[in-house]
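Peer 1: Below is the structure I would like to discuss, written out as structure tokens.
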Amino acid sequence: MMKPNLIYLFADQMQAYGLGCMGNQHIRTPNLDALAADGVLFRQAYSDSPVCTPFRGCLMTGLYASQTGIIRNGDGIPAGQRCLAHSLNDAGYSTHYVGKWHLGGNGNRAVEEDQRGGFTHFTGYQCHNSFVDGVQFFAEEGELREFEKHRTIATTDLAIEQIKAARGKPFACFVSYQNPHYPLEPDPAFEAMYANADLPARDNVQADTPPFTPTYSPYSPRPVERDPNYQRYGRDLLEFRRLYYAMITQLDHEVGRLIRFLKRENLYDSSAIVFTSDHGEMMGSHGYMNKGLPQEESVRVPLIARAPEGARGKVVETPVSAGIDIWPTFLNLAGGQEETPLSGHSWKAALEEGTEFQRPPVFAEHPWRPDIHEGKTWVMVRDQDWKMVAVKDSLEVDSIFNLAEDPCELTNLAEKAPEDVRSRLLQHLQQWKELVG
């Protein structure tokens, strides 16, 4: 049997709750909901390190951030590091990457060949947050591709171009969309869908949280009051939520356009498709914006997957990784065996059968914000319904939550959790520390 094509689509800063199929009745995501109905929805998926560069490092290397040193935005892949694309190249795939890369640098510039993680076809850029100005991509030889269209549309156009070029052999195409990362600049038609909409917030949102975050690529005007995006939503968390939803709906539209292309070209049924995000968005939960935190809104991400001849319309609650699990999963789908050392675990069986499966606990990590535990790194473990967050070096417990009973993490059980649960979670964290060194 011919190897399946492998397509990995990922958003930027999209929290798990931004999908209709995840229970959000106020957002419009018909194409992603349809993909979930034609595949498997993994409801408990996590980012291994919920910031752009660290997650991408985990995805490409199959290792945790502590194992590679890819910890901060702009960090690069270590010299000589074997990556996912190398493995897929060896398995006979034509490997393609389109969109935001953000490994080995920052800014609106090309990605050097030694930082492309082994992809043989590459059209992307390091990091540029604007969706309507400076829409530039760079091809393999550094060729500049400029577009007078929304960055989201251009990303889909380039993905279709790359897939067309791959015809004749199995391909692996990774498409990195920037939606719904700030600044929130949807096309007007999508913005209009949510104009004046009364969109309920999660129960843990603090309504007075200032929503605006300045960007550095491009550099936002200073003082921030001069920034056009600040003027649109800088003091209004509800307006931020409207625009955030509009960005997701525009992304959904582009995913639908890509899927329709695959169907027209008779590629859909022979392709394994994964949709996820690099990390979430706090969006006012617990009084925070952005990412980098162990709370669910930051670290939990959407995950929809479909395999040829796989399960249809199934929901899996087993916690999984959206990053380090991809290498072993894709390699298994391609008919190969898992490589070592990899820290992830394949969920091929769940994808094909749509059933719960045995996977070790899921972990995530990232340096804490200075206003929380300055100079320290948090580590999280999710095991069944329980979640523990601790200081990485000392394993001092910061929080414990039963997510089945408390999905918004309103009651910290650090001092009240059953002792057997506490001991089991700490043992998992100790074993993880030994793994990552």
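The values are calculated or read from the model by the stated rules, or taken from the named source; none is laboratory data. Just so you know, these numbers come straight off a predicted model, no measurement behind them. Positions of Cβ are backbone-derived with ideal geometry, glycine not excepted, and every protein chain shown enters the neighbour counts. Please note that ligands, DNA and RNA were not included when accessible areas were found on the heavy atoms of the full protein model with its side chains. Shrake-Rupley method; radii C 1.70, N 1.55, O 1.52, S 1.80 Å.
Peer 1: Could you please let me know if Tyr230 is open to solvent by 40 Å² or more (accessible area, probe 1.4 Å), of a type outside the set (Asp, Glu) and within 28 Å of His366 (Cβ to Cβ)?
Peer 2: Judged against the criteria, Tyr230 is not a match.
Peer 1: Given the criteria under 25 Å from Gly287 (Cα atoms), in contact (Cβ under 8 Å) with a residue 24 or more places away in the chain and open to solvent by less than 10 Å² (accessible area, probe 1.4 Å), does Gln206 qualify? Spell out the reasoning first.
Peer 2: Values: under 25 Å from Gly287 (Cα atoms): yes; in contact (Cβ under 8 Å) with a residue 24 or more places away in the chain: yes; open to solvent by less than 10 Å² (accessible area, probe 1.4 Å): no.
Answer is no for this residue.
Peer 1: Keeping to the range 391-401, report how many residues are open to solvent by less than 70 Å² (accessible area, probe 1.4 Å), without any contact (Cβ under 8 Å) to a residue 40 or more places away in the chain and either touching a helix residue (DSSP H, G or I) at 6+ places or on another chain (Cβ under 6 Å) or part of a loop (DSSP other than H, G, I, E, B) (or both).
Peer 2: 1
Peer 1: Let me ask something additional. If Ala154 satisfies all but one of (1) at pLDDT below 95; (2) within 26 Å of Gly323 (Cβ to Cβ), what's the number of the condition it fails?
Peer 2: Evaluating Ala154 over (1) at pLDDT below 95; (2) within 26 Å of Gly323 (Cβ to Cβ) leaves (1) as the failure.
Peer 1: Here are Ser298, Ser285: which of them is among the polar types (S, T, N, Q), in contact with a helix residue (DSSP H, G or I) (Cβ under 7 Å, 6 or more places away or on another chain) and within 30 Å of Pro360 (Cα to Cα)?
Peer 2: Ser285 is the lone residue from the list that is among the polar types (S, T, N, Q), in contact with a helix residue (DSSP H, G or I) (Cβ under 7 Å, 6 or more places away or on another chain) and within 30 Å of Pro360 (Cα to Cα).
Peer 1: So Leu426 passes all but one of these: (1) open to solvent by 30 Å² or more (accessible area, probe 1.4 Å); (2) at positive phi. Which condition number does it fail?
Peer 2: (2)
Peer 1: For the range 139-161, what are the residues that are open to solvent by 20 Å² or more (accessible area, probe 1.4 Å) and either of a type in the set (Lys, Arg) or in contact with a strand residue (DSSP E or B) (Cβ under 7 Å, 6 or more places away or on another chain) (or both)?
Peer 2: Within the range 139-161, Glu140, Leu144, Arg145, Glu146, Lys149 meet the criteria.
Peer 1: Could I ask something else about it? Within the range 2-41, track down each residue that is touching an Asp or Glu at 6+ places or on another chain (Cβ under 9 Å) and open to solvent by 50 Å² or more (accessible area, probe 1.4 Å).
Peer 2: His26, Arg28, Pro30 - these are the residues of the range 2-41 that are touching an Asp or Glu at 6+ places or on another chain (Cβ under 9 Å) and open to solvent by 50 Å² or more (accessible area, probe 1.4 Å).
Peer 1: Just wondering, is there one or more residues in the range 339-347 that are assigned to a loop (DSSP other than H, G, I, E, B), charged (D, E, K, R), on the phi < 0 side of the Ramachandran plot and surrounded by 20 or more Cβ atoms within 10 Å (Cβ to Cβ)?
Peer 2: no
Peer 1: Look at Pro214 and say whether it is touching a residue at least 24 places away in the same chain (Cβ under 8 Å) and either polar (S, T, N, Q) or at negative phi (or both).
Peer 2: Numbers: touching a residue at least 24 places away in the same chain (Cβ under 8 Å): no; either polar (S, T, N, Q) or at negative phi (or both): yes.
No, not satisfied.
Peer 1: Looking at Ala414, Ala404 in this structure, which one is under 21 Å from Phe42 (Cα atoms), aliphatic (A, V, I, L, M) and either free of Cβ contacts under 8 Å to residues at least 24 places away in the same chain or open to solvent by 60 Å² or more (accessible area, probe 1.4 Å) (or both)?
Peer 2: Working: Ala414 fails: under 21 Å from Phe42 (Cα atoms).
Every option except Ala404 fails the conditions.
Peer 1: Right, here's the next one. May I ask you to say which residue of Glu296, Glu281, Glu309 is open to solvent by 20 Å² or more (accessible area, probe 1.4 Å) and in contact (Cβ under 8 Å) with a residue 12 or more places away in the chain? I'd like the intermediate steps shown before the answer.
Peer 2: On the way: Glu296 fails: open to solvent by 20 Å² or more (accessible area, probe 1.4 Å); Glu281 fails: open to solvent by 20 Å² or more (accessible area, probe 1.4 Å).
After applying the criteria, what remains is Glu309.
Peer 1: Looking only at the range 128-138, which residues are hydrophobic (A, V, I, L, M, F, W, C), open to solvent by 10 Å² or more (accessible area, probe 1.4 Å) and either touching a Gly at 6+ places or on another chain (Cβ under 8 Å) or modelled with pLDDT under 95 (or both)?
Peer 2: Taking the range 128-138 as the starting set, the residues that turn out to be hydrophobic (A, V, I, L, M, F, W, C) are 131-132, 135, 137-138.
Among the residues that remain, those that are also open to solvent by 10 Å² or more (accessible area, probe 1.4 Å) are: 132, 138.
Within the range 128-138, just Phe138 meets the criteria.
Peer 1: Still on this structure, I have one more. Within the range 83-107, which residues are surrounded by fewer than 18 Cβ atoms within 10 Å (Cβ to Cβ) and either of a type in the set (A, V, I, L, M, F, W, C) or part of a loop (DSSP other than H, G, I, E, B) (or both)?
Peer 2: Ala91, Gly92, Asn106, Gly107
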